[in-house]
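*Asks:* Structure incoming, see below.
Bear in mind these aren't lab numbers, they're just calculated from the coordinates by the rules spelled out. Quick caveat, the model's predicted, so the values are computed rather than measured. No Cβ is skipped: glycine too gets one built from the backbone with ideal geometry, and neighbour counts run over all protein chains shown.
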Amino acid sequence: MPQQYSQLKELDAQHHLHPFTDHKSLRADGARVIVRGEGPYIWDSEGKRILDGMSGLWTASVGYGREELADAAHAQMMELAFYNTFFRTTHPAAVRLARRLAEIAPENLNNVFYGSSGSESNDTAIRLIRHYWVLKGQPKRRIIISRKTAYHGSTIAAGSMGGMSHVHQHSYPVYEGFRHVMDPYWFGEALPGETPEQLGLRAARALEEEILRCGPENVAAFAGEPVQGAGGVKIAPENYWPEIQKIVDKYDILFLADEVITGFGRLGTWFGSQYYGIKPDLITFAKAATSGYIPLSGVLVGDNIVDALMAEDDDFNHGYTFSGHPVACAVALKNLEIMERENLITRVKTETGPALAKLLAKFKDHPIVGEVRSVGMLGAIELCANKKTRQRFEKPGRVGLICRNHFFNNGFIMRAVFDTMVCAPPLIWTQEHFDEAEAVIKTSLDATYEAIKSEVTA
Ligand code: PXG
């Protein structure tokens with residue numbers, strides 16, 4: 001390991017508390033030190049080159065090391081490094097980005113409220129939703145319904161809106177006014193003999209049943225990711241979103257699409273809502289807005305909500321110091337320009353998305369693969385003990401971890417969500433990267449199979 005990095009693992013263990021981490025075991029093992037990125041690759045402190053199939057964390061869509069993005073940040077820092085957007089001030093980058101977002105967003109979303117993280121944006125959305133109903137004279141409408149393995153962030157409100165019990169565990173008691181219904185997840189949730197369509201309908205009905213249980217007059221909104229990312233790239237059956245849209249329309253509740261992962265081209269459209277033809281009243285975004293070069297997030301707010309805000313003579317008492325940070329907005333503008341100039345979103349539809357689907361399909365007959373699925377540049381490989389019955393391995397996550405370690409040791413990153421291997425490659429992948437991934441996936445799945453062969457029953 002080069003000298004300049006040799007002490008870093010130890011210092012990290014002494015001084016750095018990481019997100020979502022077992023600190024005792026991290027301190028025993030030491031963190032992996034990532035030191036550089038270029039295009040679709042990252043390098044660790046041992047000099048190992050790794051193909052990053054996760055875009056950092058669903059984020060670095062245009063790849064690493066883009067000089068143009070660094071130049072945009074530098075120029076903005078020299079011109080106006082910071083000014084706030086409180087007290088009736090604004091600045092050019094925040095305005096230009098707001099305008100650009102209104103152009104690419106679904107047509108009823110023409111305003112943005114900025115933040116710096118997905119969690120913040122979801123907190124903003126929760127406040128806007130509840131404030132909207134107060135303004136509409138229906139203050140009892142406070143309940144927000146989302147899904148059981150939704151991830152909406154890690155602040156107390158966004159963590160409560162998310163459904164993951166291990167996130168709730170550390171913010172107990174969960175903030176009031178959230179309910180969670182089943183995921184539209186055929187591989188994991190289907191009853192014996194149930195088709196994806198039947199499951200899609202059952203999962204959509206779970207929303208309607210929950211609305212009725214709460215009393216429609218108490219329900220403010222439904223929140224969902226067009227594709228559940230951190231939950232395991234759960235892609236809903238085709239009939240699910242049309243059914244959900246019917247239900248939110250029928251009960252006149254607001255619809256929040258959390259597009260922190262599906263925003264900015266990942267499904268081959270600017271937003272996942274456009275891919276599925278759904279009509280949210282709010283869209284939250286973060287991550288790929290800047291390809292992760294600098295933090296920026298926001299809520300795209302529907303005209304109905306903006307009209308309600310405009311009709312009152314009071315402040316909406318909410319905002320962040322860094323709402324509309326000029327440097328972040330300048331980088332986002334350049335990032336969106338790159339996506340457009342390099343046709344990255346069209347390429348997801350015509351080239352990279354189909355290439356990912358083709359790559360994953362090559363592994364569907366592997367003895368430990370129960371299902372492969374993808375939409376755009378989001379993909380998943382389900383590992384299981386019995387392909388026919390979809391029976392899982394014992395101790396969820398154990399085999400996923402073995403597989404993830406093989407991927408990493410072979411120079412490729414895919415994430416393990418328990419025993420679901422997920423990927424979200426940078427949108428700049430070309431055939432050479434798909435080929436490289438294919439070779440690693442093959443070797444790694446074979447090595448994983450060797451390690452747990454005795455547990456495989458079909
Ligand atoms: N919504 C969604 C859909 C997300 O995926 C957030 C909100 C919160 O964003 P911030 O910027 O506050 O982290 C996310 C974040 C994982 C993983 O393990 C996924 C996320 C964050 C950390 C880990 O896949 N997504």
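*Asks:* How far apart, in nanometres, would the label points at Tyr251 and Ala439 be if each is projected 7 angstrom from Cα along the Cα-to-Cβ direction?
*Replies:* Placing both labels 7 Å beyond Cα along the Cβ direction yields 5.3 nm.
*Asks:* Oh, and also: Using every alpha carbon pair in the stretch 66-190, what percent of pairs falls into each 5 Å bin from 0 up to the bin containing the largest distance?
*Replies:* Taking every Cα pair in the stretch 66-190, the percentages come to 2, 9, 12, 15, 16, 15, 12, 10, 6, 2, 0, 0.
*Asks:* A further question follows. Taking every eigenvalue of the Cα gyration tensor of the chain, multiplying by 5 and rooting it, what semi-axes result, largest first, whole Å?
*Replies:* Computed over the chain, the values are 34, 29, 21 Å.
*Asks:* Could you give the Stokes-Einstein D for the stretch 323-436 in µm² per second, using the C-alpha Kirkwood radius, 37 °C, 0.692 mPa s?
*Replies:* Here the translational diffusion coefficient equals 207 µm²/s.
*Asks:* For a bin width of 5 Å, list the pair-distance distribution of the stretch 68-341 built from all Cα-Cα distances, rounded to whole %.
*Replies:* 1, 6, 13, 17, 19, 17, 12, 8, 4, 2, 1, 0, 0
*Asks:* Let me have the 222 nm mean residue ellipticity of the chain computed from DSSP H runs of 4+ only, each contributing -39500 (n - 2.57), with the sum over all residues rounded to the nearest 500.
*Replies:* Computed mean residue ellipticity for the chain: -12000 deg cm²/dmol.
*Asks:* Once you order the gyration tensor axes a ≥ b ≥ c over the Cα atoms, which shape class does the stretch 241-361 get: rounded for a/c under 1.5, otherwise prolate or oblate by comparing a/b with b/c?
*Replies:* oblate
*Asks:* What order do you get for Glu225, Glu259 when you list them from fewest to most C-beta neighbours inside 10 Å?
*Replies:* Glu225, Glu259
*Asks:* Could I ask something else about it? At 0.36 nm per residue, minus the direct Cα-Cα distance, what do Phe20 and Arg49 gain on full extension? Give it in nm, one decimal, please.
*Replies:* My answer for the length gained is 7.9 nm.
*Asks:* Among Phe187, Phe434, which comes first, then next, by fewest other beta-carbon atoms within 10 Å?
*Replies:* Phe434, Phe187
*Asks:* Sort Ile156, Ile144 by Cβ crowding within 10 Å, fewest neighbours at the top.
*Replies:* Ile156, Ile144
*Asks:* While we're on this one: Between Glu176 and Glu394, with labels modelled 7 Å along Cα→Cβ, what's the label distance in nm to one decimal, could you check?
*Replies:* Simple spin-label model gives 4.5 nm for this pair.
*Asks:* Right, here's the next one. With r defined as the distance between the Cβ atoms of Lys136 and Glu238 and R0 fixed at 45 Å, what FRET efficiency is calculated, to the nearest 0.05?
*Replies:* 0.85
*Asks:* Rounded, prolate or oblate: which one fits the stretch 186-289, using the alpha carbon gyration tensor with axes a ≥ b ≥ c (rounded when a/c is under 1.5, else prolate when a/b beats b/c, else oblate)?
*Replies:* Note, shape of the stretch 186-289 comes out oblate.
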